[in-house]
């Protein structure tokens with residue numbers, strides 16, 4: 001996944017993201033493939049988007065953590081950098097699932 005944490009992230013400072021829109025895209029395949037669609041802004045053009053998708057918990061909640069990282073020594077213009085990302089969540093066993101991004105429910109689906 002292009003937005004997964006990278007080994008050199010430990011040398012970077014963690015920052016926020018500003019999510020304006022989020023939603024689920026459910027592909028009509030068997031089994032259904034689920035994609036999380038995100039758009040918003042990064043604090044500066046120097047920030048890089050990171051996304052961590054966790055396995056469903058005992059209540060079938062899929063928690064997704066979205067944040068940014070930046071080199072603390074890099075000088076950067078202070079302006080929001082828009083982003084748009086589609087995150088493939090994959091396929092899931094039969095059941096009812098909810099998807100949460102940074103603690104807020106984005107949507108739900110059945111497989």
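The values are calculated or read from the model by the stated rules, or taken from the named source; none is laboratory data. Only a predicted model underlies this, so the values are computations on that prediction, with no experimental measurement involved. So basically every Cβ, Gly included, is an ideal-geometry build from the backbone, and we count neighbours across all protein chains shown.
Against the definition (within 13 Å of the chain's Cα centre (by Cα) and in contact (Cβ under 8 Å) with a residue 60 or more places away in the chain), how does residue 87 come out, yes or no?
When the stated conditions are applied, residue 87 passes them.
Only one residue in 30, 18 is modelled with pLDDT of 95 or more and out of contact with any helix residue (DSSP H, G or I) (no Cβ under 9 Å at 6 or more places or on another chain), so which one is that?
Matching residue, one of 30, 18: 18.
Go through the stretch 39-75 and report how many residues are free of Cβ contacts under 8 Å to residues at least 12 places away in the same chain and closer than 15 Å to residue 8 by Cα.
1
Could you tell me how many of the residues in the stretch 84-97 are crowded, with 16+ Cβ neighbours inside 10 Å, farther than 13 Å from residue 51 by Cβ and in contact with a strand residue (DSSP E or B) (Cβ under 6 Å, 6 or more places away or on another chain)?
Number of matching residues: 1.
Let's see how each residue does on (1) touching a strand residue (DSSP E or B) at 6+ places or on another chain (Cβ under 8 Å); (2) surrounded by fewer than 17 Cβ atoms within 10 Å (Cβ to Cβ); (3) on the phi < 0 side of the Ramachandran plot; (4) not in a strand (DSSP E or B):
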{"position": "20", "(1), (2), (3), (4)": "yes, yes, yes, no"}
{"position": "25", "(1), (2), (3), (4)": "yes, yes, yes, no"}
{"position": "41", "(1), (2), (3), (4)": "yes, no, yes, no"}
{"position": "52", "(1), (2), (3), (4)": "yes, yes, yes, no"}
{"position": "57", "(1), (2), (3), (4)": "yes, yes, yes, yes"}
{"position": "65", "(1), (2), (3), (4)": "yes, yes, yes, no"}
{"position": "69", "(1), (2), (3), (4)": "yes, no, yes, no"}
{"position": "72", "(1), (2), (3), (4)": "yes, yes, yes, yes"}
{"position": "82", "(1), (2), (3), (4)": "yes, yes, yes, no"}
